[in-house]
Amino acid sequence: MNTAWTPLANSALRRTGNHGAARRAVFLCLAAGLLAAFFGANAQAARLKDIATVKGVRENILIGYGIVVGLKGTGDSSVDVTSQSLGRLFGKLGLDIQGNAAVKSKNAAAVIVTAKLPPFARVGNRIDVTVSSIGDAASLEGGVLLVTPLRAGDQNVYAVAQGAVSIGAVADGSTKNFPTVARVVAGATIEKDLDTNFSQKKNFRMALHNPDFTTAARVATIVNGELGGKFASARDSGTIDIVVPFNYEGNTVELLAVLENLQVNVDSNAKVVLNERTGTVVMGDRISISPVAIAHGELAIEVAGAAAGAGTKGPKPRLMELKGASVADLVKALNSLGVQPKDLTAIFQTLKETGALQADLEIL
């Protein structure tokens, strides 16, 4: 008869008759339990900065129209917008162009220039820009982007771009990836600040990348525990409002530096993502399948409950029974039977329709 461990460790040790071995066994069990509890609690822990963003702290898209010159006969051949742009450019430079007449040249190409304005960007900072041909230019290789104002959605100019374009090459250097799309590294200079006076904010809002009620509640609880009061509240599954404590007034940057490094156990809905083209299946943990029988062509699989026993189900050559199966077990069984990606998709769709799959299903 096995002896159960109780708080009366001494009496239990006397019953075992082996004090040293029993102590070692107890120590190993306790150590294993603590390690399992620690790693289990932190298996899905992530920094707050990696799962949420602060409202207003984001990039802004800039766009402009420009001309790339210096091409080796690979520019636009007969695009009116390029010709008109060159005529107007020459007129502004003091050249006598009759009525801004169109100027044709295969060494120039009309392009759209785009960039991302970082949050809290300041005058004088430099950013990369992407240059994309809008005409029939064959390549932008070796070209130079002329001065191009970049505007935001409010139509204000926030940066000016200019510089040599680079289209890049593949590893062997033999061919170019996309010769009509290029980049100008550090090619734009910021000309206007985005001053939000962030450090003087009295409150701010955080938005989760993947809205979830459980995660939002955990974030509010952890933030309140860190600040020692009721300063955070979850408004919905993706929004947490935070009031700046008195001792952090005028120093919101330091407050966020503390909060964004808090560890949060992220929760999410059970989901299975299936790529029909490649047969790849990606899933989270804790995804189970209710007891169900699957018959697809010559394939037969039965997912039984925990109390069911395994046995042979007839003469079919591809037959398998899974006991208390999860999605991972089912995928392994299907792969072992040589199921094709299209069959895999059909099986999971049917499982979802019958309610046997306890997860969301997304097919790419």
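Tell me, please, whether a residue that is over 30 Å from Asp236 (Cα atoms), of a type in the set (Asp, Glu) and surrounded by 13 or more Cβ atoms within 10 Å (Cβ to Cβ) can be found in region 130-152.
Scanning region 130-152 turns up at least one residue that is over 30 Å from Asp236 (Cα atoms), of a type in the set (Asp, Glu) and surrounded by 13 or more Cβ atoms within 10 Å (Cβ to Cβ).
State which residue is surrounded by the fewest Cβ atoms within 10 Å (Cβ to Cβ) when the search covers only region 247-283 and only residues that are more than 23 Å from Val57 (Cα to Cα) and of a type in the set (Gly, Ala, Ser).
Out of the qualifying residues, it is Ser268.
Need pairs with beta-carbon distance below 8 Å; first residue in the same structural domain as Ala207 (by TED's automatic domain parsing) and within 16 Å of Phe120 (Cβ to Cβ) and within region 244-258, second of a type in the set (D, E, K, R) and surrounded by 13 or more Cβ atoms within 10 Å (Cβ to Cβ); sequence gap 6+ or separate chains.
These pairs meet every condition: Thr252/Lys201.
Can you find, within region 68-84, the residue that is surrounded by the fewest Cβ atoms within 10 Å (Cβ to Cβ) among those that are farther than 13 Å from Val184 by Cβ and either hydrophobic (A, V, I, L, M, F, W, C) or outside the structural domain of Leu117 (by TED's automatic domain parsing) (or both)?
If we take residues in region 68-84 being farther than 13 Å from Val184 by Cβ and either hydrophobic (A, V, I, L, M, F, W, C) or outside the structural domain of Leu117 (by TED's automatic domain parsing) (or both), then Val81 is surrounded by the fewest Cβ atoms within 10 Å (Cβ to Cβ).
Here's the yes/no breakdown for (1) at positive phi; (2) assigned to a helix (DSSP H, G or I); (3) at pLDDT 90 or above:
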residue	(1), (2), (3)
Ala36	no, yes, no
Lys49	no, yes, yes
Gly56	yes, no, no
Gly64	no, no, yes
Gly75	no, no, no
Thr82	no, yes, no
Arg88	no, yes, no
Gly91	no, yes, no
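The values are calculated or read from the model by the stated rules, or taken from the named source; none is laboratory data. Bear in mind the structure is a predicted one, so any value in this text is a computation, not a measurement. Neighbour counts are summed over all protein chains in view; Cβ atoms, including those assigned to glycine, are modelled from backbone coordinates with ideal geometry.
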